[in-house]
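Undergrad: Right, I'll just put the structure down here and ask away after.
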Amino acid sequence: MRIAEFCNDSEGWGPTSRDRPDLTPCVENTILQGLPALVLLLSMTHTAFIMWKKGKPHNLGRTNIIYWPTQILMFATAVALMTRAAVLHNGSYAPATMFSTITMALAWLSAIGLNYFQHQQDIRSSDQIATLYLLTLIASAINIRTMYLLNQTGEDQFKAFVAFFAINILGFIFEACPRGHTQVQSNSDFGRYRKANMFSRLTFNYLQPVITAGYRKPLTVKDIEGMAPERVKTAHSYDLLNNAWQAKVAEGTAKGEKPNLFTTVLGTYRLQILPVMFFRIAASTLTYVQPQLLNQLLGFIDSYRTPNPQPASLGIILAFGMFFASLLNSFVMAQYFQTSMNIGVEARTALIGMIYRKSLKLNSSAKQKSTAGEINNHMSVDAERWPDALTFMPMLVSIPYEIAIAIWMLYRQISWSVFVGLGTIVVMLPLQVMVAKVFMKAKSQKLEAMDQRIQLMNEVISGIKIVKLYGWEDSFMDKIRLYRRREVKTLRKIGFVFSFLSIMFQSVPMIIALVSFAIYSTIGGPNNGPGDITPQRIFVSISLFNLLSSPIGMLSNILAQVIGVTVASRRIQNFLLAPEISETTTDSSKTLPEDPSVPLIEIKNGVFAWETEGPEVETEKEMIAREKEEAKKQRVLEKEAKKAGKSVPETEAPIEKNYGPTLTDINLTIPRDNLTAVVGRVGQGKTSLLNAIIGDMYRREGTVKVYGRKAYVAQQAWIVNATVKDNIVFGNEFNQERYDHILMASGLLPDIAMLPGGDQTEIGERGINLSGGQRQRISLARAAYEDADVYLFDDPLSAVDAHVDQHLWQHLIGPNGLLKSKTRILVTHAIHHLEQVDQIVVIKDGKISETGQYQDLMAAKDSFYQLISDYSVNQGKTQEEVASEEGAEIHADDEDDSTQDGNENKVKVDEKKKDDKAELVSEEKMALGSVGWNVYNMYSKAASYRWSVTVTMVFVLGQGCQIGTNVWLNHWSSVSLDTTQPIGYFLGIYGAIIFFSMIMNVASIYVAMVLAAIRASTRLHDSLLLKMLRLPMAFFDTTPLGRIVNRFSSDIFSIDELLPWSFIQVFMCSTSVLGTIIVIATTTPAFLAVVPPLVILYIVIQAYYIRSSRALKRIDSISKSPIYQHFSETLAGVTTIRALDANQRFISDNAAKADVSANAYYSWVVANRWLQIRLDSLGAIVVLASALFVVLSRNSLGTGNVGLALSYALSVTQNITWMVRSMCDLQNQLVAVERVEEYANKNPEAPAETDVPLPENWPQAGHVEFRNYSTRYREGLDLVIKDITFEVQPAEKVGIVGRTGAGKSSLTLALFRVIEAANSPYAKASRNEMDVDAGPTGEVGIVDLENITVEADGGSIWIDGIDISTVGLKHLRQHLAIIPQDPTLFVGTIRENLDPFGQLQDAELWEALERAHLKDYVSSLAGGLSFKVLQNGDNFSVGQRSLICLARALLRKTKVLILDEATAAVDVETDELIQKTIRQEFKDRTILTIAHRIKTVMDSDKILVLEKGRVEEFESPQTLLQRPESFFYSLAEQAGEIKHALK
């Protein structure tokens, strides 16, 4: 059948009619009606078949009120169409009309079947049915109009078609009905997105309830629960991307190649990227429909200057064409942005999951390379690049397409001249490539410096107590600022590059226009003569050049995003490829062997190491590259040192790994129910033995077999930021009886009684609000609650007092304890327990030197015998004596601590009312309302008002130049026919304006990014850093590390890189809108009538939207902190997590937190799309209004003015939309400034320096006096020290003893003023956590504080006649010395750890190390003092760290020294040596010693006994030992020191 027969119509195929401005009936019937119906018929039939075969009913009921009407109406629709087909068949019909009628009827019949399955299996309406309704209604409306124009209204087929149309409208109303309140959706637990129908998703109307709620009240996380689709959640996204990555890793390993994460991500989401590409190309096509319609409209206006004007209906059709093109473009662009962002969020969530899981499996060498700060950056910065990058990457395909269309259209306007203009782009390409390389390098350097800064910040905040005790804030501040300066230097480079890129991307369209018009106006016309410069040609070309500026202008942003995501992906890729712990190191079986005689732990011929067999072989090329890099780093360091006026740093010694084995020739058998003690000196390999059993080391030789479930207690207790109960139960099923028994056995009942909320008291991060002993006992309780088969204890008794040690031994660990039926390995320095263990293992130099029972080893008279003979107080006693003493101890201990297992305690734990004080860490605060002008002012002030005003002026001038080019072209085109001026005159002025515009473009970006923005971010960072290191300790007790790190990573990143761009966008858009309104006002003043209502409408929409958008951005910012906090906690306790086999639970926790964050981010993105659709729709109405206005005034307007007005009307809507969105985006980005400023405005601790005159070399004597002193940890808590008075004479040695929680460590914190006297004005600074609480918790907190009775006198502490509350903190802390309870080392060299200010000579450092018994060990390390200390001092044992802390104290020549349980982590032999050193080196100093081992304070001049924060006893030990009723006597007796002392 030929086309004419198929159409059977006088107008033929068309596609447009010759007789009227419309489509032909044939095209309408086939292309608009028949073809879509046919495609949907096939699609719906396929979907219905799949649902019938594989679908499952949701069993939530059926919405009959929608189901039956839709089914009946769809059937009626099909009947109406069949009736029309019958009528057509009886008459002379066109086959095209019959084709469309039958195809649509079949489509509606297939829709009935699909609708049945849809209601049965899904909770929302079908997208295919909704599409069929939408397309049918639009096509039918057009077809009915055509039939009306062709006078077919009297025909029966027309009546049948109108009936079909009417039924269709009714059916559409039912189909589009919201189903939120229906039974099906109410009963389902799906989120808003899952419930939304197609129209709701297209218009983003499913967010409407959230926007409305946000306008009325501040939004919370609960308001947006379940917003995101299931795809973006970890469960789906992680599996998808990780499976693809693992396949690539396996493939790469087989080929000997490195897999590429960047291409893997793109490959994984390739099918999802296809619709994104479709939307992008469709949007690009629609963008270029506008200038074509403008061209037609200008031709329409021009026709009224001729004798044959075109019909007015054509003008109206063109006006509506512009409206629909604009509207459709808006919907397509919104879908493009949303779809690409969905993939980006999905990739981000998956990457966070992959990074987290990888961190649980890193081996020791990988941990050394990837610090916590770096890995945090992978999550907070690198993974975050994907959502933005995926929005821009499809433009790499669409931009060439858009440029091609623009060139084709421009060719039709100004002929071949356009190609000469485009030659400028080609000329600039090499420069662009070069600039991109510089940018990529600068980006890598910036991220590297940021990694180092965040890593150091992480460490400083983690060890803030130590930093404060030593008075090292200035040293660390200088280090952090050094890294920050490197960051800022690269930021400056990036800004400089971008300011010149702006010539390329902002000015290139103007340069192309200049060159093109110059050529066209001179030799670009017919026969190489001058071209015809008309308003129509000029303004259509200008609108095309403006459209061309968009893709070219976007290139800089796209390049930046692609480069950024490539660099970020490479960094994550390197981390994901880091070596992991081998799963085969230990042969573990979770079930116990049936034969009870089979040992539960058996190591045969074991050789274990922390590193692989040998170093990786370095090629000559790699060695040269490494040496070049190291030399470059050294040059940078030297340059920075000279600039800072410091001595040139030594070359840092590379970490020379010890590839030799740590443990050799290990043969160990531990039977069931056996208690084995592992003993040995510091650094001999005791902890390594436990790690070998867990599987954390490389097994080079031998076998390791472990039966049963394991539990592990680390030497440094690991605590989770949760309640006491949650820390103990640790995700297991709760059993009250078992729980109570464990609390008693762990000696925790008295502590729980003291805590404000009992076992519901929240423990701060790293257990910061507990004593070392309490933390260790919670760790022990957690292990006990696990009910494992094998227990690995790494010296847990070192952190507890003597009487608690005995209690734990008797009730928990020892032969009669709760775990007596378990297999236990106890690493210990407590040699007084060794007689009661089943087996003793002595480790020396990484080998088992002796093993056996106590009596056998004593009989062998080897090194163990020597150790016991020299140091054991039990040696020489009979077994009966030891037993009787311990029996007495149990009795005393039970009486003292009320730890009898019984109902009384159960009541104490269960019924204790949860106190307000129990909650330590409150929910992160979220500011409410708008980002106030004060935040703008803060940023402007940080950038300096001078630069802020300069930026505004430069942008205004730049916009003036831009308008000038168009106004001049309008003038030229208007006078071109009758001017006597040469073309060179017009071109010269045009070129001059463009040149000045280029200068303004460069200046605006340079001033904004390099001068103003960098100054602002530097000031904001420095003020935050300065305040952070000067905040009181109470702030760090109550603020998780993740929240602080979030300020220094995500928020500072936003201020550095995102906020300047937001400001630039606002300046560009607002000056553009202002310029546009001025131009329209001067050309078509009548259009100004539309402007006020337009502006009001935009302001109303913005005001309505901005509240929700801001709140969603704040929720997004806040939702990231828990991820980083949880991650930091995980890294700290990764060995415990692995040993307890809790990986999966922690992975689930991380996934839940990542999902909350993804949901928050997704909601914020959807809010942007909600705004975009509404603003663009409003913009389309403005285009329609201005086009109709032009059509109606066609007789009175000139083509030049119409062209200028319409081209600006087309851009004004876009510019206003962008301005509103940019303003909203700016407000969202300013949330980062608000959050940084929130912490920068906290109350600091007391001044670092005061003007109080102090004697030279104060303190000279070391006379310490407490006068009626009271203190608390922070406002709102009970006093921990109550009205104590005592005096320590110069050079007196005082031992401080007391139960856990008696106030021993509080006393030392008071001396350093880490906590202040109860009535001190500086104590009020600890109210920080209540400052800007916007919720009910804040109000409660403040009310509580008002009810606190503030002591009239909190007393004072005097040192050498000076009240320390008048001394500056820096001076005070640097003139006291302390060896702290937690031996903390920082990343850097040993030299920097001993002398961070670089004030001492190496000889002094070596001397201190010699006295601390570490000189030999440090000398053996590569680089000696320049040996690099890893994060947390992981390459030193806990005992060695304690000795480095001792060396620090030896270097401080102060008269007052505090030893806070300083030798708890070292063996008795080393302890004895340290005590000798202390007695010799500090003989002329005042020493206050807090000790667990009573032995260490037996030779003190006085003993201070504390009980519940009060002084119980303060006399010489000899006097106290004469009194059996004294508290000290009972402690000494329990420790077996009485007879020893009396001897």
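Undergrad: Return the only residue of G773, G764 being farther than 30 Å from I666 by Cβ and under 33 Å from the mean Cα position of the chain (by Cα). I'd like the intermediate steps shown before the answer.
TA: Numbers: G773 fails: under 33 Å from the mean Cα position of the chain (by Cα).
Unique residue meeting the criteria: G764.
Undergrad: Mind checking which residues of region 214-246 are open to solvent by 30 Å² or more (accessible area, probe 1.4 Å) and touching an Asp or Glu at 6+ places or on another chain (Cβ under 7 Å)?
TA: The answer is R231, K233, H236.
Undergrad: Right, here's the next one. Mind checking which residues of region 83-109 are under 57 Å from the mean Cα position of the chain (by Cα) and farther than 15 Å from K159 by Cα?
TA: S100, I102, T103, M104, A105, L106, A107, W108, L109
Undergrad: A follow-up question, please. One residue is enough: does region 148-163 have a residue meeting the conditions farther than 22 Å from C26 by Cβ and either surrounded by fewer than 16 Cβ atoms within 10 Å (Cβ to Cβ) or of a type outside the set (V, I, T) (or both)? Explain how you work it out, then say what you get.
TA: Taking region 148-163 and keeping what is farther than 22 Å from C26 by Cβ, we get 163.
Still in the list and also either surrounded by fewer than 16 Cβ atoms within 10 Å (Cβ to Cβ) or of a type outside the set (V, I, T) (or both): 163.
For region 148-163, residues farther than 22 Å from C26 by Cβ and either surrounded by fewer than 16 Cβ atoms within 10 Å (Cβ to Cβ) or of a type outside the set (V, I, T) (or both): present.
Undergrad: Could you list, in sequence order, all residues of region 758-774 that are at pLDDT 80 or above, farther than 13 Å from A722 by Cβ and out of contact with any Asp or Glu (no Cβ under 7 Å at 6 or more places or on another chain)?
TA: G758
Undergrad: Are any of the residues in region 187-201 at pLDDT 85 or above and part of a loop (DSSP other than H, G, I, E, B)?
TA: Within region 187-201, not a single residue is at pLDDT 85 or above and part of a loop (DSSP other than H, G, I, E, B).
Undergrad: What are the pairs, 6+ residues apart or on separate chains, where a residue within region 457-468 that is free of Cβ contacts under 8 Å to residues at least 12 places away in the same chain has its Cβ under 6 Å from a residue that is surrounded by 22 or more Cβ atoms within 10 Å (Cβ to Cβ) and hydroxyl-bearing (S, T, Y)?
TA: Pairs that qualify, where the first residue is free of Cβ contacts under 8 Å to residues at least 12 places away in the same chain and the partner is surrounded by 22 or more Cβ atoms within 10 Å (Cβ to Cβ) and hydroxyl-bearing (S, T, Y): there are none.
Undergrad: Further question on the same structure: So which residues in region 563-609 are under 27 Å from P259 (Cβ atoms) and open to solvent by 30 Å² or more (accessible area, probe 1.4 Å)?
TA: The first filter runs over region 563-609 and keeps only residues under 27 Å from P259 (Cβ atoms), leaving 563-585.
Listed by number, the residues that qualify are T566, R570, R571, N574, L577, P579, E580, S582, E583, T584.
Undergrad: Can you tell me how many residues within region 1239-1263 are within 23 Å of K465 (Cα to Cα), out of contact with any Gly (no Cβ under 7 Å at 6 or more places or on another chain) and open to solvent by less than 40 Å² (accessible area, probe 1.4 Å)?
TA: Of the residues in that region, 6 qualify.
Undergrad: Restricting to region 1421-1460, count the residues that are in contact with a Leu (Cβ under 8 Å, 6 or more places away or on another chain), part of a helix (DSSP H, G or I), under 25 Å from V1288 (Cβ atoms) and not charged (D, E, K, R).
TA: 3
Undergrad: Here is a follow-up. Anything in region 224-258 that is at pLDDT 90 or above and either among the aromatic types (F, W, Y) or not in a helix (DSSP H, G or I) (or both)? List them, or say none.
TA: Within region 224-258, Y238, W245 qualify.
Undergrad: Consider region 450-495. How many of its residues are at pLDDT below 85 and open to solvent by 20 Å² or more (accessible area, probe 1.4 Å)?
TA: Matching residues across region 450-495 total 3.
Undergrad: Could you count how many residues in region 1088-1134 are open to solvent by 50 Å² or more (accessible area, probe 1.4 Å) and of a type in the set (G, A, S)?
TA: Going through region 1088-1134 one residue at a time, the tally reaches 2.
Undergrad: Would you check if K1415 is touching a Leu at 6+ places or on another chain (Cβ under 6 Å), open to solvent by 30 Å² or more (accessible area, probe 1.4 Å) and not β-branched (V, I, T)? Outline the logic, then answer.
TA: On the way: touching a Leu at 6+ places or on another chain (Cβ under 6 Å): yes; open to solvent by 30 Å² or more (accessible area, probe 1.4 Å): yes; not β-branched (V, I, T): yes.
Considered against the rule, which asks whether it is touching a Leu at 6+ places or on another chain (Cβ under 6 Å), open to solvent by 30 Å² or more (accessible area, probe 1.4 Å) and not β-branched (V, I, T), K1415 comes out as yes.
Undergrad: Hey, among V1079, V1182, V1156, V1165, which residue is open to solvent by 20 Å² or more (accessible area, probe 1.4 Å) and either in contact (Cβ under 8 Å) with a residue 24 or more places away in the chain or of a type outside the set (S, T, Y) (or both)?
TA: None of the others qualify; the one that does is V1156.
Undergrad: Under 6 Å between Cβ atoms, at least 6 apart or on separate chains: pull out the pairs that start in region 672-695 with a residue that is at negative phi and end on any residue that is of a type in the set (F, W, Y).
TA: What qualifies is A692/F608.
Undergrad: Select from region 751-778 the residues that are open to solvent by less than 10 Å² (accessible area, probe 1.4 Å) and either out of contact with any helix residue (DSSP H, G or I) (no Cβ under 7 Å at 6 or more places or on another chain) or among the basic types (K, R) (or both) and list them in ascending order.
TA: R777
Undergrad: In region 301-324, which residue that is at pLDDT 85 or above and open to solvent by less than 10 Å² (accessible area, probe 1.4 Å) is farthest from F545 (Cα to Cα)?
TA: G315
Undergrad: Pull up region 247-270, narrow it to residues that are of a type in the set (A, V, I, L, M, F, W, C) and open to solvent by less than 30 Å² (accessible area, probe 1.4 Å), then point me to the one that is farthest from W386 (Cα to Cα).
TA: First, the residues of region 247-270 that are of a type in the set (A, V, I, L, M, F, W, C): 247, 249-250, 254, 261-262, 265-266.
Going one step further and asking which of them are open to solvent by less than 30 Å² (accessible area, probe 1.4 Å), we end up with 261, 265.
Details: L261: 12, V265: 10 Å.
Top of the filtered list is L261.
Undergrad: Need the failing condition index for Q736 against (1) in contact (Cβ under 8 Å) with a residue 40 or more places away in the chain; (2) surrounded by 20 or more Cβ atoms within 10 Å (Cβ to Cβ); (3) not small (G, A, S), just the number.
TA: Looking at each condition in turn, Q736 falls short on (2).
Undergrad: Test each condition in (1) under 20 Å from L1206 (Cα atoms); (2) in contact with a strand residue (DSSP E or B) (Cβ under 9 Å, 6 or more places away or on another chain); (3) not β-branched (V, I, T) for F300 and report the one that comes out false.
TA: Status for F300: all satisfied but (2).
Undergrad: Given I742, I719, which one is outside any helix (DSSP H, G or I) and either touching a residue at least 40 places away in the same chain (Cβ under 8 Å) or not β-branched (V, I, T) (or both)?
TA: Details: I742 fails: outside any helix (DSSP H, G or I).
Only one candidate qualifies: I719.
Undergrad: Still on this model: Suppose the filter is without any contact (Cβ under 8 Å) to a residue 12 or more places away in the chain and either open to solvent by less than 20 Å² (accessible area, probe 1.4 Å) or over 29 Å from A560 (Cβ atoms) (or both); does Y356 pass it?
TA: Taking the combined requirement at face value, the residue does not satisfy it.
Undergrad: Please verify whether I173 is in a helix (DSSP H, G or I), within 17 Å of T63 (Cα to Cα) and among the hydrophobic types (A, V, I, L, M, F, W, C), treating the condition exactly as stated.
TA: yes
Undergrad: Which residues, taken from region 1037-1064, are assigned to a helix (DSSP H, G or I), in contact with a Gly (Cβ under 9 Å, 6 or more places away or on another chain) and open to solvent by less than 10 Å² (accessible area, probe 1.4 Å)?
TA: Result: T1038, V1045, S1049, P1060.
Undergrad: Further question on the same structure: Check L390, L328, L351 and return the single one that is surrounded by fewer than 22 Cβ atoms within 10 Å (Cβ to Cβ) and either in a helix (DSSP H, G or I) or among the hydrophobic types (A, V, I, L, M, F, W, C) (or both).
TA: Selected residue: L328, the only one of L390, L328, L351 that is surrounded by fewer than 22 Cβ atoms within 10 Å (Cβ to Cβ) and either in a helix (DSSP H, G or I) or among the hydrophobic types (A, V, I, L, M, F, W, C) (or both).
Undergrad: If you don't mind, there's one more thing I want to ask. Of the residues L544, L559, only one is modelled with pLDDT of 70 or more, buried (at least 21 other Cβ atoms within 10 Å of the Cβ) and not acidic (D, E); which?
TA: Within the list L544, L559, the selection yields L544.
Undergrad: So, one more: If V954 satisfies all but one of (1) open to solvent by less than 40 Å² (accessible area, probe 1.4 Å); (2) at pLDDT below 75; (3) aliphatic (A, V, I, L, M), what's the number of the condition it fails?
TA: Result: V954 passes all but (2).
Undergrad: Continuing with this model, one more query. Any residue at all in region 52-74 that's more than 47 Å from the chain's Cα centre (by Cα), open to solvent by 20 Å² or more (accessible area, probe 1.4 Å), under 25 Å from E155 (Cβ atoms) and among the hydrophobic types (A, V, I, L, M, F, W, C)?
TA: Yes, the conditions are met somewhere in region 52-74.
The values are calculated or read from the model by the stated rules, or taken from the named source; none is laboratory data. Because the structure is predicted, anything quoted here is derived from the model rather than measured. When we count neighbours, we look across all protein chains shown, and the Cβ atoms used for this are built from the backbone with ideal geometry, even at glycine. SASA here: full protein model, heavy atoms, side chains in, ligands and nucleic acids out. Shrake-Rupley method; radii C 1.70, N 1.55, O 1.52, S 1.80 Å.
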